[in-house]
Every structure is written in structure tokens, then in C-alpha cells.
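This report refers to the structure that appears directly beneath it.
The values are calculated or read from the model by the stated rules, or taken from the named source; none is laboratory data. Please read these numbers as outputs of a predicted model, since none were measured by experiment. When we count neighbours, we look across all protein chains shown, and the Cβ atoms used for this are built from the backbone with ideal geometry, even at glycine. Remember, those area values only see protein heavy atoms, side chains included, never the ligands or the DNA or RNA. Shrake-Rupley method; radii C 1.70, N 1.55, O 1.52, S 1.80 Å.
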Amino acid sequence: MESNDIIQPMTGKKVCYNIGHDDLVDFANLIIKKTKEEDSRQRKEDAASEFFTRTEVKDLLHVCDSTLTKWAARKYLVPVRVGGKTMFRKSDVRKILDKR
């Protein structure tokens, strides 16, 4: 059920709605669902903006896969798992760039 199915505003007219219990429950569930979807989307965007992919790090630091693997083993640049992907914190990469 979409929100437009429950409430259809009429511009410039006074309207009285009779809303039943089931309609209120459906509307509440719709709001909860849309809020969860938006929150999930926002979290993914936030996570993506805080991390670099492996390819981005290699390009930025001009290194190869084996170097990233060695750095991870030495705890010089530690990868993190974000949504099942290997990522690197932008702040950690910037520290390395600042040292150069």
C-alpha cells in the first residue's frame, strides 16, 4: 500500500477523513519501511564516503596488490570489511600521503 492510497489531499477544500485501525497500522508500517530503506541507503552512502576501495588506494599511493598485502600484515595500512568488500579508511590513506 502506498501513502497516496491512504491519503489523497484535495487542495483548497476542507476534507474529513474516516480512518480505520487497519489503515493506521498500514500507514505506520509504510512509514517504518520507508524510513528503514532511507536509513539503509544513507548508511551505505556514508560508509562509501569514508573509505577507499583497494583500486583507489593503489592508484593514490602508486602501489601494487602485494604492497597492500604486506602493509596489512605489518599493520601499516589495515583494510576493513564494509558490506562484504575490502576497503581502507580515507583517514589512514591520507596519513600515508601526508608523510610522503
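Scanning region 69-100 for residues that are of a type in the set (V, I, T) and over 25 Å from the mean Cα position of the chain (by Cα), which turns out most open to solvent (accessible area, probe 1.4 Å)? Checked region 69-100; the qualifying residue most open to solvent (accessible area, probe 1.4 Å) is T69. Considering only residues in region 15-68 that are of a type in the set (V, I, T) and either exposed (fewer than 10 other Cβ atoms within 10 Å of the Cβ) or within 15 Å of K85 (Cα to Cα) (or both), the one that is farthest from the chain's Cα centre (by Cα) turns out to be V15.
Of the helices (runs of 4 or more DSSP H) lying entirely inside region 30-100, those containing at least 2 residues that are in contact (Cβ under 8 Å) with a residue 24 or more places away in the chain are 54-61, 90-99.
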